[in-house]
Amino acid sequence: MLTLKKPNEQPIRRLLVVPLKCSSSGPSQDTEQSEPETTSSQSSSVSLASTSNSADSWRAGIGAVGLAETAYLTYLKLSGSDAFCPLGGGSCGDVLNSDYALIFGVPLPLIGLLAYGFVTTLSLQLSAKRLPFGISETYGRLVLLGTTTSMAAASSYFLYILSTKFPGTSCSYCLMSALLSFSLFFISIKDVGMEEIQKVVGLQVCIASLVIASLSASYGTSPSIPSNPGTIDLPYFTTEITTESSPFALALAKHLHSIGAKVYGAFWCSHCLEQKQMFGREASKLLDFVECFPDGFKTGTKMIKECADANLEGFPTWVINGEVLSGEKELEELAELSGFKFNE
C-alpha cells in the first residue's frame, strides 16, 4: 500500500490490487468424469471386437464342415461312385444322381464346394484382420451376408424340391447342407447387425430372388419326376455287354465265383452296367450277380429279401469274404481284395 501526502492534507491511502488468475475445480471434475466415459467406450469396442471374432470363428468352423461334405460329394459325382448314406439307404444316392443334382450342367456339389470354400476363407481373413485387395472389414462382412443369403435361399429351394419331387425319400447330405447354410446365414445376420441390414435389405431380397429364379430356369429343362407312386412303371429288361473279356478278367471272374463273392445290383443301374463292361461279355456271365428287382420297378417296390437282408447302401455292392464294398471297383482292386493273383 502506498501513502501520498501533501502539505496541510491528510494522507490518502490507495490500495494496490494485483490481478490474480484463479483456477476453478471444474476442469478437474470434467477430466475425472471423462475418464469413465473413455473406459466405457474402450470396453464396448473390445466387446464388439470379441463378438465379431467369435462370429468369424463359428463361420469358419461351419464352413469347413460344409467344405468337407461337398468335397466328398464332388469326388463321388466326378468319379461316378455311389454315396455312402448313413440314413435313408439307397434313396440318398437316388437324389444325388438325379438331374436335380446339376445346375446348367454343373454338378451341384461342386458349386457348394466353391461357396463353402469362399465363406471359410473370408471368415478366416476377417478373424486375422487381413482382408485382400484392401477392402474394409465392414464391406467384407456385407459380402459374407450376401453369400450366405444366396446359400440359404438355394437350400430352401432344394428342400422344396426334395419334398415335392422325391416324396418319402431321405437325403442326409441334403439336410445337413441346409442346416449348415441356415446356420451361416443367421450368424452373418447377427454379426452385421440390424442397423446395417436395414440399409441393404432390398439387395438381400434381390439376391435371394435371383438365386431362386436361376434354379427354376435350370430345372425347367430337366425332366420331372412323378410324385404319384403309381405312375412309374419300369418293366424288367436286360442290357447287352459289348466289351470283350481279357484273360485277366476271365480268371478274376472265375476266382470270385469260386470264393462265393456276390455283386448286388439293379437292371436300371448304369453303374452296374459299367461294372459288367469292365469284366466283358464272357466274364460278366461268370459273376454271381444278384438282381434286386427281377420283376421290374415301380415307385414303392421293395427289393427281394436277399438284397434287403444285405443292408445295401447303393448299387452295385460287392460282398467279398464277408466284406461289403459299395460302388464300382476296378478289376485290380477286386483282385487285391479277394486275394487273387494272376498267373499268365
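Mind checking the dipole of region 52-221: about its Cα centre, +1 per Lys or Arg Cβ, -1 per Asp or Glu Cβ, Debye to the nearest 20? Could the numbers behind the result be given before it?
Working: 8 positive and 9 negative charges, 46 e Å.
Its charge dipole is roughly 220 debye.
I want to make sure I understand the PRE zone here: with the label point 7 angstrom from the Cα of LYS254 toward its beta carbon, which residues in region 280-319 have backbone N atoms less than 18 Å away?
Once the point is set 7 Å along Cα→Cβ of LYS254, 280-288 turn out to lie under 18 Å by backbone N, inside region 280-319.
Ignoring everything but the protein chains, give the 1.4 Å probe accessible area of TYR236 in square angstrom, nearest 10.
Rounded to the nearest 10, that gives 110 Å².
Ranked by accessible surface with a 1.4 Å probe, highest first, in what order do CYS292, CYS174 come? Don't jump to the answer; show the numbers that get you there.
Numbers: CYS292 0, CYS174 40 Å².
These residues rank, largest area first, as CYS174, CYS292.
Would you mind computing, in nm to one decimal, how far apart the modelled labels at ALA217 and ASP295 are, each placed 7 Å from Cα along Cα→Cβ?
4.7
Would you rank ASP56, ASP191 by solvent-accessible area, highest first, keeping every protein chain in place and using a 1.4 Å probe?
Values: ASP56 0, ASP191 25 Å².
Ranked from most to least accessible, the order is ASP191, ASP56.
With all protein chains present and a 1.4 Å probe, how do GLU328, GLU69 order by accessible area, largest first?
Details: GLU328 45, GLU69 15 Å².
Descending accessible area places them as GLU328, GLU69.
Using the Cβ atoms and a cut-off under 11 Å, what net charge is assigned to the surroundings of THR301, where Lys and Arg are +1 and Asp and Glu are -1? Please list the in-between numbers first.
Details: positive: LYS298, LYS302; negative: ASP233, ASP295.
Surrounding charge for THR301 is 0.
Past 20 Å, Cα to Cα: identify those pairs from LYS254/LYS341; LYS77/LYS302; LYS77/LYS329; LYS298/LYS329; LYS254/LYS302, in the order given. Could the numbers behind the result be given before it?
Values: LYS254/LYS341 12 Å; LYS77/LYS302 26 Å; LYS77/LYS329 15 Å; LYS298/LYS329 28 Å; LYS254/LYS302 31 Å.
Among LYS254/LYS341; LYS77/LYS302; LYS77/LYS329; LYS298/LYS329; LYS254/LYS302, the Cα-Cα distance tops 20 Å for LYS77/LYS302; LYS298/LYS329; LYS254/LYS302.
Can you pull the one-decimal nm distance between simple spin-label points at LEU337 and LYS190, each 7 Å off the Cα toward Cβ?
4.4
Quick one: length gained pulling SER156 to ASP99 fully straight, 0.36 nm per residue minus the C-alpha distance? Show your work: numbers first, answer last.
Working: separation 57, 0.36 × 57 = 20.52 nm, distance 1.79 nm.
18.7 nm is the gain from fully extending SER156 to ASP99.
Let me cross-check TRP268: its accessible surface, 1.4 Å probe, with only protein heavy atoms counted, in Å² to the nearest 10?
Number for this one is 90 Å².
Dipole of region 247-338 (Lys/Arg Cβ +1, Asp/Glu Cβ -1, origin at the Cα centre): which of ALA261, SER338, ILE304 lies farthest to the positive side?
So the residue furthest toward the plus end is ILE304.
Placing +1 at every Lys and Arg Cβ and -1 at every Asp and Glu Cβ, with all other atoms neutral, what dipole size does region 247-338 have around its Cα centre, in debye to the nearest 20? Please list the in-between numbers first.
Values: 9 positive and 14 negative charges, 74 e Å.
Here the size comes out at about 360 debye.
Could you tally the net charge around THR238, taking each other residue with its Cβ under 15 Å from the Cβ of THR238, Lys/Arg +1 and Asp/Glu -1?
Values: positive: LYS276, ARG281, LYS285; negative: GLU240, GLU291, ASP295.
So the surrounding residues net to 0.
Quote the accessible area belonging to THR121 in square angstrom, nearest 10, computed with a 1.4 Å probe and with ligands, DNA and RNA left uncounted.
About 70 Å², ignoring ligands and nucleic acids.
For region 247-338, what is the Kirkwood hydrodynamic radius in Å, using each pair of distinct C-alpha atoms?
13.4
Can you work out the FRET efficiency for the pair SER246 and LEU78, with r the C-beta to C-beta distance and R0 = 22 Å, to the nearest 0.05? Don't skip to the answer; put the middle values down first.
Values: r = 26 Å, r/R0 = 1.19.
After rounding, the FRET efficiency stands at 0.25.
The values are calculated or read from the model by the stated rules, or taken from the named source; none is laboratory data. Note that this is a predicted model, so its numbers are computed, not measured. Using ideal geometry, Cβ is built from the backbone for each residue, glycine included, and neighbour counts are taken over all protein chains shown. The protein model used for the area step is the full one, side chains on, heavy atoms only, and it has no ligands, DNA or RNA in it. Shrake-Rupley method; radii C 1.70, N 1.55, O 1.52, S 1.80 Å.
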